[in-house]
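The structure under discussion appears below in the form of structure tokens.
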Amino acid sequence: MLGEYRIEGRGAAEISASIERGIGAGALQPGAPLPPLRALAAELAVNPNTVAAAYRMLRERGVVETAGRRGTRVRARPATAPREQISVAVPPGARDLSTGNPDPALLPPLAGALAAAAARHGTSPVLYGDEGVAPELARLARADFDADGVPPGPVAVTSGSLDAIERALAAHLRPGDAVAVEDPAWGSLLDLVPALGLRPVPVELDEEGPLPERAAAALASGARALVVTSRAQNPTGAALTRERAAELRAVLARHPDVLLVEDDHGHAIVDLPFQPLAGAARHWLAVRSAAKAYGPDLRLAVLTGDRVTVDRVEGRQRLGPGWVSRLLQDTVVHLRRSGILDPAAVARSYGERREALLTALRRRGVEATGRSGMNVWLPVPDETSAVTQLLRSGWAAAPGARFRLASPPGIRLTVSPLAGEDVEPLADAVATAVRPAPGRRWV
């Protein structure tokens, strides 16, 4: 059953560690069945309850899954194999459109803001027991949320959007609970859910966001949380419209105990209005990262939500890092006050590149989507073939497998590195590599 690999250990922790070593070394492949409880217990001369505890530990860490009569198996993508590993080696001279990074030329310089934050620290250092959230950052964030119609709520700061999402899910859900997620979706989110011992339930989407009937089905089937990307959805560029948001709020109103998480990482780089879902469920969180607008290395996101959810997020944070560096928070405050970032100009720059590529592709009979943000999503009959052919033409694309659960194959192109003269050659290369079936939907 396990080939040459031999599971070892006398205690549950030792047995689970042995199985994880086998997975990490490649000796236990994704989908490989593990021995039945009693069979492995007999082989190791331990109580079956010990093996059951080991398997439970692995399930809670997202390493294995139990599938009824099929027994316990290594997950198709265990938490030890992040989706970022699904990538291509970019040969010298090729243009890399696979990373999802912002254009460095559109990021504001940080030297002045960091120096100002350091100077403030020199006169008034933050010490243990001080407030974890810079008051001015909280004020600016709350004003932004208010302007976008987000219900009143306290403001907290985490080390990026994924940090906030992880803390919220861990605070509200238990291992084994289901989480409704967009499909395709941000690969890191799809890794996080099983790593927390939760089950992802795919929700189909189109360019206006999650389809209400699919979200309703996921929640009706028992999903305890729904994660929605408000704008600049990664990888498809979808963005909620007013009408779609109203439909989703109606769905959530029928499931008031569901945890709603809104990821608005496109804030300050997208010119489409924010369409809030917050308040449609009893427990909710809206989070905005500084990564795309100010730089990924800032590792900072602001969030608001209902009092219970924000308290739980901050409570778990206090037991770990304690708070996000006030130096970083003051840096963002300085950047905001300086007006050095022009969100409209940034949104316009990404929009012009995205629309130029979409238009060029349409002229060649290639349908793609990219309503907002910095990514374009293309359906393809075969991801490996499309990615390989594009590489031969000098372009690196992200394989759709990094972002998919049950949705059809596709590839993602990030427009951030594109200049105007790149669009036509890239469209030619894509038209050669991508031949979608007529009438096929992109989701």
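Surrounded by fewer than 17 Cβ atoms within 10 Å (Cβ to Cβ), over 14 Å from the mean Cα position of the chain (by Cα), assigned to a helix (DSSP H, G or I) and among the aliphatic types (A, V, I, L, M), is that true of Ala119?
Numbers: surrounded by fewer than 17 Cβ atoms within 10 Å (Cβ to Cβ): yes; over 14 Å from the mean Cα position of the chain (by Cα): yes; assigned to a helix (DSSP H, G or I): yes; among the aliphatic types (A, V, I, L, M): yes.
Criteria met by Ala119.
Has region 339-351 got any residue that is under 21 Å from the mean Cα position of the chain (by Cα), touching a residue at least 40 places away in the same chain (Cβ under 8 Å) and crowded, with 18+ Cβ neighbours inside 10 Å?
yes
For region 409-424, taking the residues that are part of a loop (DSSP other than H, G, I, E, B) and more than 19 Å from the chain's Cα centre (by Cα), the one that is farthest from Thr359 (Cα to Cα) is identified as Pro417. For region 352-402, the set of residues classified as touching a residue at least 24 places away in the same chain (Cβ under 8 Å), out of contact with any strand residue (DSSP E or B) (no Cβ under 7 Å at 6 or more places or on another chain) and closer than 24 Å to Val270 by Cα consists of Arg353, Ala356, Ala360, Leu361, Glu367, Arg371, Ser372, Gly373, Arg402, listed by residue number.
Of the residues that make up region 420-434, is at least one under 24 Å from Ser230 (Cα atoms) and either surrounded by 15 or more Cβ atoms within 10 Å (Cβ to Cβ) or touching an Asp or Glu at 6+ places or on another chain (Cβ under 6 Å) (or both)? Within region 420-434, not a single residue is under 24 Å from Ser230 (Cα atoms) and either surrounded by 15 or more Cβ atoms within 10 Å (Cβ to Cβ) or touching an Asp or Glu at 6+ places or on another chain (Cβ under 6 Å) (or both).
Taking region 163-242 and the strands (runs of 3 or more DSSP E) fully enclosed by it, the elements with 3 or more residues that are within 27 Å of Arg56 (Cβ to Cβ) and in contact with a Pro (Cβ under 9 Å, 6 or more places away or on another chain) are at 178-183.
Within region 361-400, the residues that satisfy the criterion of being of a type in the set (Val, Ile, Thr), within 18 Å of Pro184 (Cα to Cα) and either surrounded by 16 or more Cβ atoms within 10 Å (Cβ to Cβ) or touching a helix residue (DSSP H, G or I) at 6+ places or on another chain (Cβ under 8 Å) (or both) are Thr369, Val376, Val380, Val387.
Sub-6 Å Cβ pairs linking a first residue in region 156-184 that is among the hydroxyl-bearing types (Ser, Thr, Tyr) to a second residue that is surrounded by 22 or more Cβ atoms within 10 Å (Cβ to Cβ) and assigned to a helix (DSSP H, G or I), at least 6 apart or interchain, are Thr158/Ala164, ordered by first then second residue. Applying the criterion of being in a loop (DSSP other than H, G, I, E, B) and touching a residue at least 12 places away in the same chain (Cβ under 8 Å) to the residues of region 6-24, the residue that is farthest from the chain's Cα centre (by Cα) is Arg10. All conditions in (1) in a helix (DSSP H, G or I); (2) at positive phi hold for Gly149, with the sole exception of (1).
Every residue, every condition in (1) closer than 25 Å to Val415 by Cα; (2) buried (at least 18 other Cβ atoms within 10 Å of the Cβ); (3) under 18 Å from the mean Cα position of the chain (by Cα), yes or no:
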{"site": "Glu204", "(1), (2), (3)": "yes, yes, yes"}
{"site": "Ala217", "(1), (2), (3)": "no, no, no"}
{"site": "Asn234", "(1), (2), (3)": "yes, yes, yes"}
{"site": "Gly237", "(1), (2), (3)": "yes, yes, yes"}
{"site": "Ala250", "(1), (2), (3)": "no, no, no"}
{"site": "Leu260", "(1), (2), (3)": "no, yes, yes"}
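Across region 219-232, the qualifying residues are those that are of a type in the set (A, V, I, L, M) and more than 19 Å from the chain's Cα centre (by Cα), and the one among them that is surrounded by the most Cβ atoms within 10 Å (Cβ to Cβ) is Leu219.
Tallying residues that are small (Gly, Ala, Ser) and not in a loop (DSSP other than H, G, I, E, B) within region 341-398 yields 11.
Looking only at region 328-340, which residues are out of contact with any Leu (no Cβ under 6 Å at 6 or more places or on another chain) and either hydroxyl-bearing (Ser, Thr, Tyr) or not in a helix (DSSP H, G or I) (or both)? Within region 328-340, Ser338, Gly339, Ile340 qualify. All of Gly305, Gly279 fail the test of being surrounded by fewer than 21 Cβ atoms within 10 Å (Cβ to Cβ) and in the same structural domain as His172 (by TED's automatic domain parsing), apart from Gly279.
Hey, could you check region 59-114 for residues that are of a type in the set (Ser, Thr, Tyr) and either modelled with pLDDT of 75 or more or not in a loop (DSSP other than H, G, I, E, B) (or both) and say which is farthest from the chain's Cα centre (by Cα)? Filtering region 59-114 for residues that are of a type in the set (Ser, Thr, Tyr) and either modelled with pLDDT of 75 or more or not in a loop (DSSP other than H, G, I, E, B) (or both), the one farthest from the chain's Cα centre (by Cα) comes out as Thr72. Please find, within region 1-18, the residue that is surrounded by the most Cβ atoms within 10 Å (Cβ to Cβ) out of those that are out of contact with any Gly (no Cβ under 9 Å at 6 or more places or on another chain) and of a type in the set (A, V, I, L, M, F, W, C). Here the residue is Ala12.
Can you tell me which of Leu285, Leu248 is outside the structural domain of Ala406 (by TED's automatic domain parsing), at pLDDT 95 or above, in a strand (DSSP E or B) and not basic (Lys, Arg)?
Numbers: Leu248 fails: in a strand (DSSP E or B).
Going through Leu285, Leu248 in turn, the sole match is Leu285.
Given Ala246, Ala168, Ala141, which one is within 15 Å of Ala278 (Cα to Cα) and over 18 Å from the mean Cα position of the chain (by Cα)?
Exactly one of Ala246, Ala168, Ala141 is within 15 Å of Ala278 (Cα to Cα) and over 18 Å from the mean Cα position of the chain (by Cα), namely Ala246.
The values are calculated or read from the model by the stated rules, or taken from the named source; none is laboratory data. As the structure is a computational prediction, the values presented were derived from the model and not from experiment. Reconstructed Cβ throughout: ideal geometry from the backbone, glycine too, with neighbour counts over all protein chains shown.
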